[in-house]
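Peer 1: My questions will all concern the structure given below.
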Amino acid sequence: MTELLYLKDCYLKEFDANILENNDEYVILDKTVFYPNGGGQPSDKGTLNGIEVIDVKKSDKGIMHFIKTPIKDSKVHGIINWEYRYKLMRMHTAQHVISSIVLDNFDAETVGNQINADVSRIDFFPFKPTKENLDFITKEFNDYIDKKIKVKKYFATRQEVIETISEKRRNLFSRLPENINEIRVVEIDSVDKCPCAGTHVDNLSEIGHIRIIETKNKGSNRTRVSFELIR
């Protein structure tokens, strides 16, 4: 299996690893900084020994790094596209803050999301926001950013987390398979606490303010909210 270095340090940009499997189209490494596509967050971009990584996916054997041309070595030096990764870190953390604001103030859960470098989206249910609602969300979000709140990432048992969160948030943890006991938690002081294996910034001040671009009715009280980050 592949050790996921980004789970402990989202700011790692380079790493060295051994190749566990190599079939010319992809390699599986003993460790990686590359985030694989999943959880609404796209995979990282970058290189292994100077060869472009075109996709990264999870598998039962480990993380598959799909490469543009074959790698002939047994070891690799990997470098991620930091500018792209950092945009995703900021966006993904922003998604957590928006989802928390909507859950706490409008009792609407996040039922889908797609993180992108430029514009991201979140699907909420049940949610039919007015312009005043959207203005409120924007102001609450930007106020949190201006407070420079810390973001913590750590591992805890399911029971430890459930005992410290509100009833509204327990549903997020109940969705995880019962055989998963140790959970990676992303906690934003006084704002949110939820399970997540994605990459996130260490402080909300890194994100910048948001602008809600549009909302779309996705039917049955489901609304898609698209947003971008502004400095």
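Peer 1: For region 3-94, what is the relative contact order in percent, using Cα pairs closer than 8 Å and at least 6 residues apart in sequence?
Peer 2: Working: 183 pairs, mean separation 28.2, N = 92.
RCO, region 3-94: 31 percent.
Peer 1: Looking at (1) 1.07; (2) 0.96; (3) 1.02, which value of Cα Rg over 2.2 N^0.38 Å comes from a calculation on the structure shown?
Peer 2: The value matching this structure is (1).
Peer 1: I've got another one for you. Need the C-alpha centroid separation for region 1-41 versus region 184-231, integer Å.
Peer 2: Each part reduced to its Cα centre gives a spacing of 25 Å.
Peer 1: Hey, any idea what the orientation-averaged projected area of the convex hull of region 61-140's Cα atoms comes to, in nm²? Intermediate values should be presented prior to the final figure.
Peer 2: Numbers: hull surface 32.6 nm².
The Cα convex hull of region 61-140, projected and averaged over all directions, gives 8.2 nm².
Peer 1: Still on this structure, I have one more. Could you order the peptides 221-228, 166-173 from most to least packed, using the average number of other C-beta atoms within 10 Å per residue? It would help to have the intermediate numbers written out before the result.
Peer 2: Working: 221-228: 18.2, 166-173: 13.2.
Result, highest mean Cβ count within 10 Å first: 221-228, 166-173.
Peer 1: Each residue of region 148-162 in order: what ³J(HN,Hα) in whole Hz does its phi give by Karplus 6.51 cos²θ - 1.76 cosθ + 1.60, θ = phi - 60°, with x for Gly and Pro?
Peer 2: Residue by residue, region 148-162 yields 6, 7, 6, 10, 10, 10, 7, 9, 8, 6, 3, 5, 4, 6, 4 Hz.
Peer 1: Each residue of region 95-110 in turn: what ³J(HN,Hα) in whole Hz from Karplus with 6.51, -1.76, 1.60 and θ = phi - 60°, glycine and Pro shown as x?
Peer 2: Values per residue, Gly and Pro as x: 4, 4, 5, 4, 4, 5, 4, 5, 5, 6, 9, 10, 6, 10, 8, 7 Hz.
Peer 1: Moving to a separate point now. Determine the dipole magnitude for the chain: charges of +1 sit on the beta-carbon of Lys and Arg, -1 on that of Asp and Glu, nothing else is charged, the reference point is the Cα centre, and the result goes in debye to the nearest 20. List each step's numbers first, then the result.
Peer 2: Details: 35 positive and 36 negative charges, 86 e Å.
Using only the charged Cβ atoms, the result is roughly 420 debye.
Peer 1: While we're on this one: Taking amide H atoms as placed 1.01 Å from N in the peptide plane, list the residues 5 or more away in sequence, or in a different chain, whose amide H sits under 5 Å from that of ASN116.
Peer 2: Correct list: ARG121.
Peer 1: Once every DSSP H run of n ≥ 4 in the chain is given -39500 (n - 2.57) and the sum is divided by its residues, what mean residue ellipticity at 222 nm do you get, rounded to the nearest 500 deg cm²/dmol? Please report the intermediate quantities before stating the final value.
Peer 2: Details: 4 runs with 54 residues, N = 231.
Calculated mean residue ellipticity at 222 nm is -7500 deg cm²/dmol.
Peer 1: With the contact rule set at Cα under 8 Å and sequence spacing of 6 or more, what percent relative contact order holds for region 134-211? Please report the intermediate quantities before stating the final value.
Peer 2: On the way: 94 pairs, mean separation 35.4, N = 78.
Averaging sequence separation for qualifying contacts and normalising by length gives 45 percent for region 134-211.
Peer 1: Now for a different question. Only Cα pairs under 8 Å and at least 6 apart count here; give the relative contact order of the chain as a rounded whole percent. List each step's numbers first, then the result.
Peer 2: Details: 472 pairs, mean separation 43.6, N = 231.
Relative contact order for the chain comes out at 19 percent.
Peer 1: Quick one: 3J(HN,Hα) in Hz for region 89-94, Karplus 6.51/-1.76/1.60 with θ = phi - 60°, rounded, Gly and Pro as x.
Peer 2: 4, 5, 5, 5, 5, 4
No lab work stands behind these numbers, since they all come straight from the coordinates. What you see is a predicted model, and the numbers here were worked out from it, not measured in a lab. With ideal geometry, Cβ positions are generated from the backbone for all residues, glycine too; neighbour counts draw on all protein chains shown.
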